[in-house]
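Right, one structure below, let's go through it.
The values are calculated or read from the model by the stated rules, or taken from the named source; none is laboratory data. Every value quoted in this text rests on a predicted model; they were computed, and no experiment measured them. Methodologically, a virtual Cβ is constructed for each residue, glycine included, from the backbone with ideal geometry; neighbour enumeration extends over all protein chains shown.
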Amino acid sequence: MLFSLPFMLHGTYYLDDVYRSVYGDGSWHGLGRPLADVITFGLSLNYYFLSDFYPLGTILAVSCLIFVFNSIKKNCFSINKAYALLPLPLLFISPVFMQNMSYRYDSTAMIIALALAISAYYLSFSKGWKVTVGAVLLMIASLSLYQPCANIFLGLVATNLIVRIKKSGNGHFKQMFLDCAVFSLSFIAYFIVVVKLFSLGGGRATFIRPDQLLESLSSAMLSTRSIYILLLSGYIKITYISLMTLALFSCVIYSIKYKPSLFYCFSFSVRVILCFALLFFSIIGTSFLVVEGITDIRVMVGMSSVVFVLVVFATRYYSYKITLFISSIVTLIFISLSFQYSNALASQRNFELSLLSNVARDVNYGDGGTVYISGVMPTSPVVKTSIRAIPFIGRIVPPSPPWVSRRLAAGTGIPTVENSWDGDNTDLINDICRESARPEISNPMYEIFHVKNGVLVYFMGERNICL
């Protein structure tokens, strides 16, 4: 709950949330997420309009996740060892899941999707075929809530391949093949039923051409690398290095204690290589196969399994108390990051609303005609300080682009704001620059120009209007 607390305290409207809060519009079935509609509109208590029930959905979803973790332990689906149980919350408490937590309307479905995918893994080939069928159904449900969260399944498969975390009588390789079969079958069933039969999925169901596969994989690798470079700074970098050192040290301990044979060393090397491959695909999922690709950090949910693998591997030979200490330190660092990020996000939104309040007065609340908005909002001075401390925050606290600023402006009481989803109003901007028009109002944050049927407000967060 501590990880989700700062998001619930601030309750900031994040990107798409602004449109949904102002107009009560928006659905997810067209994105291949029909169950997200069921949950979100159900909590809104109607079939057609969204109402803001936040943070009720987050509280219920996190409670569902806690129930899953407790059930895994209580029903003995996991190895009853500290290293297998104590790091489980790190699948949720992760820097890459902070953007998902920011969405007031989407976060409920995203958290439940994560909980269902984790449940599906521990049920997969654990207690007979009936339970395995249940695992497939849970995976289909997870995909129908938020597709990227299902990728955490592969991260858990990767973990179990090198350190056994799931209670099962199968060997490492056999269990991997069986679990991958469940993952593949779930994806195929989801694609046939949800995407093809009900024609849901939109651009996320449009596949790339075969000749684009290598280029798409290369792009996915570069995206993953760029995120890690941003993320690995300060204490987070020290934490990763420490966990990797402990993981290597555990290999030394095993070698000294058990003196493994050459065959075991070869087998373990193969498992490590497969583990890296599975972790990579848990990060990118199937995004490299579709035209839309990796849209943002929120689709890289599987990246949280990397920390989970490191903590599990690093603590497998330590006592309960030491494992608890290491897991708690990592958890505390990520919780601290969630508070810093949430505070920065709230500061940026408050800063933008303050600017728009001034704009509303400057344009007399749209009394003079249509209000067009272009340009990217300036970054709050408080956020700039946060970014200097944690560069990763700058990646997920974007200043509002025009399509968000327009909805924020409508929410501040400008009913005549032009409400398109496009970027800048390039035609109006070209006319202003060609005529060297002077702004009616100008300050370091924005300029207001008179245009043929209203005014154009241009925010100078990235550049001046004619540069």
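Those residues that are surrounded by fewer than 18 Cβ atoms within 10 Å (Cβ to Cβ) and in a helix (DSSP H, G or I), I need them from segment 56-97; list them, please.
If the condition is that a residue be surrounded by fewer than 18 Cβ atoms within 10 Å (Cβ to Cβ) and in a helix (DSSP H, G or I), then Leu56, Ile59, Leu60, Ser63, Cys64, Ile66, Phe67, Asn70, Ser71, Lys73, Lys74 are the ones that fit.
Could you look through segment 405-421, keep only residues that are assigned to a loop (DSSP other than H, G, I, E, B) and touching a residue at least 24 places away in the same chain (Cβ under 8 Å), and pick out the one that is nearest to Ile373 (Cα to Cα)?
Glu418
So in segment 116-148, with the set limited to residues that are in a helix (DSSP H, G or I) and among the aromatic types (Phe, Trp, Tyr), which one is surrounded by the fewest Cβ atoms within 10 Å (Cβ to Cβ)?
Trp129
Right, Ser126: under 16 Å from the mean Cα position of the chain (by Cα) and among the hydroxyl-bearing types (Ser, Thr, Tyr) or not?
Answer is no for this residue.
Please identify the pairs in which a residue from segment 377-396 that is not assigned by TED's automatic domain parsing to the domain that holds Asp424 and part of a loop (DSSP other than H, G, I, E, B) has its Cβ atom under 9 Å from the Cβ atom of a residue that is surrounded by fewer than 21 Cβ atoms within 10 Å (Cβ to Cβ) and among the aliphatic types (A, V, I, L, M), counting only partners at least 6 apart or on another chain.
Pairs found: none.
Return the residue satisfying two criteria in turn: it lies in segment 222-248 and is aromatic (Phe, Trp, Tyr) and in contact (Cβ under 8 Å) with a residue 12 or more places away in the chain, and of such residues it is surrounded by the most Cβ atoms within 10 Å (Cβ to Cβ).
It comes out as Tyr240.
Any residue in segment 321-349 that is assigned to a helix (DSSP H, G or I) sitting within a Cβ distance under 6 Å of a residue that is surrounded by fewer than 17 Cβ atoms within 10 Å (Cβ to Cβ) and of a type in the set (A, V, I, L, M)? List the pairs, counting only those 6 or more apart or interchain.
Listed by first residue and then by second, the contacts come to Ile335/Leu2; Ser347/Val382.
Name the single residue that is farthest from Ser354 (Cα to Cα) among those in segment 425-447 being hydrophobic (A, V, I, L, M, F, W, C) and in a loop (DSSP other than H, G, I, E, B).
Ala437
From the list Phe173, Phe183, which one is in a helix (DSSP H, G or I) and surrounded by fewer than 16 Cβ atoms within 10 Å (Cβ to Cβ)?
Phe173
When segment 334-370 is examined, which residues are found to be assigned by TED's automatic domain parsing to the domain that holds Ala389 and aromatic (Phe, Trp, Tyr)?
Phe351, Tyr365
Tell me which residues, restricted to segment 350-370, are of a type in the set (Ser, Thr, Tyr) and in a helix (DSSP H, G or I).
Matches in segment 350-370: Ser354, Ser357, Tyr365.
Criterion first (at pLDDT below 95, in a helix (DSSP H, G or I) and either under 15 Å from Ser305 (Cα atoms) or in contact with a Cys (Cβ under 9 Å, 6 or more places away or on another chain) (or both)) does Ala158 satisfy it?
no
I want to confirm something. Restricting to segment 191-217 and keeping residues that are modelled with pLDDT of 80 or more and within 21 Å of the chain's Cα centre (by Cα), which single residue is surrounded by the most Cβ atoms within 10 Å (Cβ to Cβ)?
Across segment 191-217, the extreme among qualifying residues is Ser216.
Mind checking which residues of segment 297-348 are charged (D, E, K, R) and over 20 Å from Thr224 (Cα atoms)? Outline the logic, then answer.
The initial filter retains those residues of segment 297-348 that are charged (D, E, K, R), namely 298, 316, 321.
Of everything in segment 297-348, those that are charged (D, E, K, R) and over 20 Å from Thr224 (Cα atoms) turn out to be Arg316, Lys321.
Only one of (1) under 19 Å from the mean Cα position of the chain (by Cα); (2) surrounded by 15 or more Cβ atoms within 10 Å (Cβ to Cβ) fails for Thr295. Which number is that?
With respect to (1) under 19 Å from the mean Cα position of the chain (by Cα); (2) surrounded by 15 or more Cβ atoms within 10 Å (Cβ to Cβ), Thr295 is out only on (2).
Looking only at residues in segment 233-271 that are of a type in the set (Lys, Arg) and at pLDDT below 90, which one is farthest from Thr323 (Cα to Cα)?
Checked segment 233-271; the qualifying residue farthest from Thr323 (Cα to Cα) is Lys259.
Check Cys64, Cys76 and return the single one that is assigned by TED's automatic domain parsing to the domain that holds Gln147, within 30 Å of Thr323 (Cβ to Cβ) and either of a type in the set (Asp, Glu) or out of contact with any helix residue (DSSP H, G or I) (no Cβ under 8 Å at 6 or more places or on another chain) (or both).
Cys76
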